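Here the structure comes first, spelled out in structure tokens, and everything after it is commentary.
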Amino acid sequence: MKSKKIWRTAFAVFALAALMGSCKDENMEIVGGCPIVESTSPTKLATNVPLDQVITVVFNKAMNPATITPAAFTLRGPDTGGGRIEGTTGTSEVAGKLTYDAAKHSMSFVPDTKLRSDTTYTGRVATTVKDLMGNALQTDYVWTFSTAKAVAPTVLSTDPADSAKNVVLNKTIEVIFSEVMDPSTVTPTTFTVKHGATAVVGTISYTDTMAIFTPTSPLTSGTLYTATITTGAKNVAGTPLASNHAWTFTTGTLAAPTVLSTDPASNATNVALDKIISATFSEAMDQSTITGTTFTLKQGATTVSGNVNYAGSTATFTPTSKLLSGNTYTATITIGAKNVASTPLGSNYVWTFTTKAPSGPAFVDLKTAGRFGIIAATAVSNNAGFSKINDLDVGISPGVRTGITGFPPAIIVNGASYASDDVAPVGTAAMLTQAKLDLTAAYLFAEGATTPAPATVAGDQGGKTLAPGIYKSNSTLLIQNGDLTLDAQGDVNAVWIFQIASGFTTVGGAGGNVILTGGAQAKNIFWQTGSSATIGDNTSFKGNILALTSITMNSGAKVVGRMLVQNGAVVLTDTNIIDKP
């Protein structure tokens with residue numbers, strides 16, 4: 001039995017190495033996967049890339065810094081000769097400096113000069129790069145991206161508006177541009193405020209498409225001011241305004257109420273998910289003007305629902321549900337908020353903060369493998385019954401179309417099946433090869449995850465409740481005598497990684513199910529399995545299985561997740577269901 005186990009382990013390692021290029025150490029011993037490019041910035045086919053972009057390439061493992069040389073990476077763009085049409089792909093190599101960050105397994109290329117606008121560039125990582133064992137990238141990694149177009153930005157609106165009167169004395173002057181600007185070009189030189197020939201002293205801030213001029217001292221009452229944005233202000237492509245934009249406004253006699261402080265403070269990080277957001281004003285406000293319309297919270301473009309209250313001089317926003325971890329939120333108090341004398345804020349008050357990182361380990365990015373509910377290497381079979389895969393694809397590689405059997409009666413809803421020998425759609429074989437590479441990278445990432453520190457588990461996990469984290473089994477793992485509950489404790493982005501050295505089995509029936517609570521989501525659960533997995537009869541299972549050898553779903557088993565295999569088969573036994581997590 002011992003010799004069989006050794007043989008199976010050796011075969012699994014050999015098969016994985018074969019998929020990744022049969023990399024070996026200095027003693028010609030197979031050591032597993034060759035290095036691959038996990039991600040790039042800009043990403044493949046990215047558009048509107050800033051002209052000062054730093055190009056980064058992240059590998060799946062530590063690389064030998066001695067191989068990160070100018071020959072390791074090239075960036076080609078527009079021809080330097082005459083006659084090149086703007087927006088076309090060129091062939092001239094871009095000069096720059098290449099560095100390597102060992103901690104992040106990444107190399108960075110900083111061009112000597114800014115990239116050209118409206119141009120497609122091609123990056124190439126050469127096979128001269130090697131990992132610490134001397135294993136080389138197996139093929140050149142090539143991708144393209146395009147820079148932003150040279151379209152002149154415009155000023156969409158200003159606050160105060162042109163010719164506005166009775167402007168409050170503590171007004172901040174705001175400008176909204178038609179597109180994202182280069183913040184380094186929005187300065188006291190390009191954004192000025194004057195009364196007559198006298199310049200107003202102030203500070204300038206810029207975010208997204210808005211520039212804000214904040215006077216150091218209150219403006220003078222009954223005075224005509226002229227604000228100007230000059231052609232020195234440029235967008236991220238380096239294109240300036242077509243002409244100076246100037247406008248005037250006249251002050252009144254009143255000072256507006258202000259926001260003295262907020263909680264969380266502007267740009268705060270690691271904010272709790274149950275945080276109540278508050279803003280304290282400089283004076284008493286009219287409570288009827290502090291509402292869900294004048295005090296809002298957004299995550300990106302999505303408005304967060306919540307309840308607004310006002311007491312003393314402080315307004316509070318209590319979200320209806322917990323905030324999402326690892327996200328940036330924007331809170332706004334608008335000029336609809338007024339003091340008891342009906343004087344509104346001089347300008348909208350906007351601040352941002354970021355919530356704490358998701359509980360548990362880093363998310364395992366499946367990349368292109370994420371489109372599949374089933375991936376196998378040798379066979380995908382449905383032995384009996386009307387099995388169903390919903391909203392996901394089925395793939396087999398390097399196996400061929402004849403390796404997919406039992407479809408029908410099994411069906412794929414809102415998805416399709418793909419095999420390495422399919423001639424249509426064009427590029428199927430390459431797509432599957434990339435998906436298998438991405439699966440292998442995800443498997444290795446999950447297998448090697450160490451933060452937070454893994455908790456050692458063994459045997460039957462039935463009847464337990466586990467918080468987000470990494471759980472490591474040095475042999476087999478079971479869910480048998482009772483259900484396993486995964487509790488996200490209110491964090492819907494919480495992640496679990498189960499590192500299972502050998503086989504993984506659920507028994508199903510009265511026990512053996514995976515139950516989610518506290519906002520846990522199946523898409524964030526990863527079962528890295530060192531050999532084969534079996535989902536037992538009538539099991540209700542949650543999560544993504546990343547198995548080295550094979551996966552079997554027994555009769556009636558249902559999964560919200562994915563069944564992804566590197567070297568062997570996926571078997572649906574009888575009337576199984578796989579739903580997209």
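Bear in mind these aren't lab numbers, they're just calculated from the coordinates by the rules spelled out. Quick caveat: nothing in here was measured; it's all calculated off a predicted structure. Backbone-built Cβ (ideal geometry, glycine too); neighbour counts: all protein chains shown.
Rounded to the nearest 10 degrees, the inclination of helix 428-448 to the longest alpha-carbon principal axis of the chain is 90 degrees.
Of interest is the spacing of the C-alpha centroids, which for the stretch 459-517 and the stretch 367-444 amounts to 26 Å. Computed packing ranks the peptides 46-53, 448-455 as 46-53, 448-455, most packed first, by mean other Cβ atoms within 10 Å. Along its principal axes, the stretch 367-579 has C-alpha extents of 47, 34, 31 angstrom, given from the largest down.
Report note on the peptides 59-65, 304-310, 263-269, 539-545: ranked by the mean count of other C-beta atoms within 10 Å, highest first, their order is 539-545, 59-65, 304-310, 263-269. Projected onto its three principal axes, the C-alpha set of the stretch 263-353 covers 40, 22, 21 Å, listed from the longest axis down.
Partners of residue 194 within straight-line reach, counting lysines whose Cα lies under 18 Å from its Cα and excluding those fewer than 8 residues away in the same chain: 165, 171. Between the residues 353, 57, 301, the greatest Cα displacement towards the positive end of the dipole of the chain, with unit charges on the Cβ of Lys, Arg, Asp and Glu, is found for 57.
So, by mean Cβ neighbours within 10 angstrom, what's the order for 162-168, 566-572 with the highest one leading? Don't jump to the answer; show the numbers that get you there.
On the way: 162-168: 15.4, 566-572: 23.0.
Those peptides, ordered most packed to least, come out 566-572, 162-168.
All other residues whose Cβ lies under 11 angstrom from that of residue 105 are scored, Lys and Arg at +1 and Asp and Glu at -1, for a net of -1.
Using Cα-only point scatterers and the Debye equation, what is log10 of I(q)/I(0) for the stretch 36-147 at each q in 0.12, 0.18, 0.21 Å⁻¹, rounded to two decimals? So the normalised log intensities work out to -0.40, -0.85, -1.10. Among the lysines, select those whose C-alpha is under 21 Å from the C-alpha of residue 149, and discard any that sit fewer than 8 residues away in the same chain. The qualifying lysines are 44, 114, 234.
How large is the Rg to Rh ratio of the chain when both quantities use alpha carbon positions and Rh follows Kirkwood?
Details: Rg = 29.4 Å, Rh = 27.9 Å.
Expressed as Rg/Rh, it is 1.06.
Counting only alpha carbon atoms, the long axis of helix 2-19 and the longest principal axis of the chain meet at about 50°.
Going through the cross-link list 275/464; 275/356; 367/523; 275/298, which pairs have a Cα-Cα distance over 18 Å in this structure? Show your work: numbers first, answer last.
Numbers: 275/464 30 Å; 275/356 11 Å; 367/523 13 Å; 275/298 14 Å.
Too far apart for the 18 Å limit: 275/464.
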